[in-house]
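Okay, so here's the structure we're looking at.
The values are calculated or read from the model by the stated rules, or taken from the named source; none is laboratory data. Just so we're clear, the structure is a prediction, and the values are computed from it rather than from any experiment. All Cβ positions, glycine included, derive from the backbone under ideal geometry; neighbour counts span all protein chains shown.
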């Protein structure tokens, strides 16, 4: 299980002076489902293209199944199936014909190609639609046909670029279950990129967080949150009202400076921040009772108190949207 | 298993799987043959061919009209060149419609794959990148080749039926080399439009650019040259005068005209199909004097059009090289 099948070291891709991928180190193990997470433009697709040898890296090394894709793209493409983020088919041909074309490009004999194509169409749930023209397929069907198209060459690794984009929630669920099922059954390594955290959370063994060309963290979700929020695994949000006037929520930081000071004194509390009328408190154990007591003692009215545990969402916000300042408080 | 038998697919199962390049070629060919634009152009070409054949057959019986009795010995070739002025001859039609055919087959070769999102999918298969481009080119060329050969053979056959005189061996060779030349000519336009299809992302842009290039080179360029020629023309008064001024003037003019591939093509075809043509440039009186108006053998005719042939080949290869380079450098991303 821990045998690396993809190793990336120091991978860099520059367009002019802009480094889209910057010094990326990553290894992906055989048989795992790895999620590459990051906002749009983080360099996920570029990394994938370099894995396939479709784009040349500016620096660094890639090895896929022990082969360098920059030097031997054909060998790599024999073992890797790639589903682009907006996969297209020849609209005038049926789904089956599209699959057969891919199969024959992979030098499958006609008979076997036909057998496999039929079998895969059944597997992805297009058994009855195989003879319809690909032009009338819905987005979800196209994506499933894309999966069949990727699998027809019997790959060791499949790379899916934003596979869930534009499919309805139920379709996403089914599609991801299908991928995981296939991966487990046939021992295929799956690398999928996405900016949809919940979906990825459900299916991935490990994830890598990707921001502006850099891998910020990798690991399974539990270790990831433990590492990222070391010492403060719990977040408590508190809203307070001005002393003596319960209907007046506090909106400015200067009104609660004393309270923030008092809170920092409480045992078990790490960081205390005030943004948008809410006090965010990071603590290493459940300090909600102590917080409530402190608030009341300072004369403020406690209007709202919520405990939160970190999921991918928080990880995501922390890095992608909350900006640097939030990250530094950790 | 029953399903497998019921399909039209596997005819020769035991054979080795086809090389991916030929898989691409065969797919592209079937795409072409199935496409509406090809069918429309094909019927257009067939119609005009029938028309020009008809006029040719009407006029072929009256050799006095074409003047020189020499042509009589190459009676059969007149099928392709004869006209009474109401309808252009076969070669003029090919000169006109051939480029259109080439453009129609190439203008969306690469950008439509890109826009459909199939390009990145195909590029993720274990094929070399140039297979796609070469495959498309070879497929279109094969389709054009089959089309033109069958067309000329069809015209030959019909002519045979109607005139009743079989073509001589040299006539037949001339007809075959004419077909080859036409294919080469279409290949040039095909490559030019493929080049545009790589450069421009919208098929409409590349189609319009190709057509613009075609119109310019076939229609406006000669007009432009004639305008310039008028300015440069030697004084009419001195025309019979001394020196070779008019001669070199004619030469320059023709040279300029021959930058257009259509001029090269029509030069080459007329020479091939009219054996009496012995030079494509102006001839001085001294050169003509004493010449016996005999038709040239095929080898000599080919020799005359050799520069034209080389020019066409060079233009085709240049376009192909440019498209090859820009395609290989293109970064393939999904749409």
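Annotations
- Filtered residue count, the stretch A:138-150, keeping only those that are more than 13 Å from chain B (Cβ to nearest Cβ) and either in contact with a helix residue (DSSP H, G or I) (Cβ under 7 Å, 6 or more places away or on another chain) or surrounded by 14 or more Cβ atoms within 10 Å (Cβ to Cβ) (or both): 3
- In the stretch A:91-110 there is no residue matching the filter, namely being modelled with pLDDT under 90 and buried (at least 21 other Cβ atoms within 10 Å of the Cβ).
- Any hit, the stretch B:102-116, residues being out of contact with any helix residue (DSSP H, G or I) (no Cβ under 9 Å at 6 or more places or on another chain) and crowded, with 16+ Cβ neighbours inside 10 Å: yes
- Residue match in the stretch B:155-167 (condition: in contact with a helix residue (DSSP H, G or I) (Cβ under 9 Å, 6 or more places away or on another chain), surrounded by fewer than 17 Cβ atoms within 10 Å (Cβ to Cβ) and within 23 Å of residue B:323 (Cβ to Cβ)): no
- Filtered by the rule that a residue be within 7 Å of chain B (Cβ to nearest Cβ) and either in contact with a strand residue (DSSP E or B) (Cβ under 8 Å, 6 or more places away or on another chain) or not in a loop (DSSP other than H, G, I, E, B) (or both), the stretch A:77-90 gives A:77, A:78, A:82, A:84, A:85.
- If only residues of the stretch B:318-335 that are touching a residue at least 40 places away in the same chain (Cβ under 8 Å) and away from chain A (no Cβ under 14 Å) are counted, the one that is nearest to residue A:56 (Cα to Cα) is B:326.
- Any chance residue A:62 is touching a strand residue (DSSP E or B) at 6+ places or on another chain (Cβ under 9 Å) and assigned to a strand (DSSP E or B): yes
- Only listed residue being part of a loop (DSSP other than H, G, I, E, B), surrounded by fewer than 23 Cβ atoms within 10 Å (Cβ to Cβ), more than 9 Å from chain B (Cβ to nearest Cβ) and touching a residue at least 12 places away in the same chain (Cβ under 8 Å), chosen from A:55, A:70: A:70
- Filter result (closer than 22 Å to residue B:119 by Cα and at the interface with chain B (Cβ under 9 Å from one of its Cβ atoms)) within the stretch A:104-124: A:104, A:105, A:106, A:107, A:108, A:113
- Checking each residue in the stretch B:185-205 for being touching a residue at least 24 places away in the same chain (Cβ under 8 Å), surrounded by fewer than 20 Cβ atoms within 10 Å (Cβ to Cβ) and in a helix (DSSP H, G or I) picks out B:199, B:203.
For (1) within 30 Å of residue B:332 (Cβ to Cβ); (2) within 14 Å of chain A (Cβ to nearest Cβ); (3) outside any helix (DSSP H, G or I); (4) without any contact (Cβ under 8 Å) to a residue 12 or more places away in the chain, each residue gets a yes or a no:
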{"site": "B:121", "(1), (2), (3), (4)": "yes, yes, no, yes"}
{"site": "B:142", "(1), (2), (3), (4)": "yes, no, no, no"}
{"site": "B:158", "(1), (2), (3), (4)": "no, no, no, no"}
{"site": "B:165", "(1), (2), (3), (4)": "no, no, yes, no"}
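- The listed residues are A:100, A:108, and the only one of them that is outside any helix (DSSP H, G or I) and more than 31 Å from the chain's Cα centre (by Cα) turns out to be A:108.
- Residue in the stretch B:261-274 that is at pLDDT below 80, within 26 Å of residue B:91 (Cβ to Cβ) and outside any helix (DSSP H, G or I) present: yes
- Some residue of the stretch A:37-44 being within 16 Å of residue A:15 (Cβ to Cβ), free of Cβ contacts under 8 Å to residues at least 12 places away in the same chain and in a helix (DSSP H, G or I): no
Residue-wise test of (1) under 28 Å from residue B:35 (Cα atoms); (2) at the interface with another protein chain (Cβ under 9 Å from one of its Cβ atoms); (3) at pLDDT 90 or above.
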| position | (1), (2), (3) |
| --- | --- |
| A:126 | yes, no, no |
| A:133 | yes, no, yes |
| A:136 | yes, no, yes |
| A:159 | no, yes, yes |
| A:186 | no, no, no |
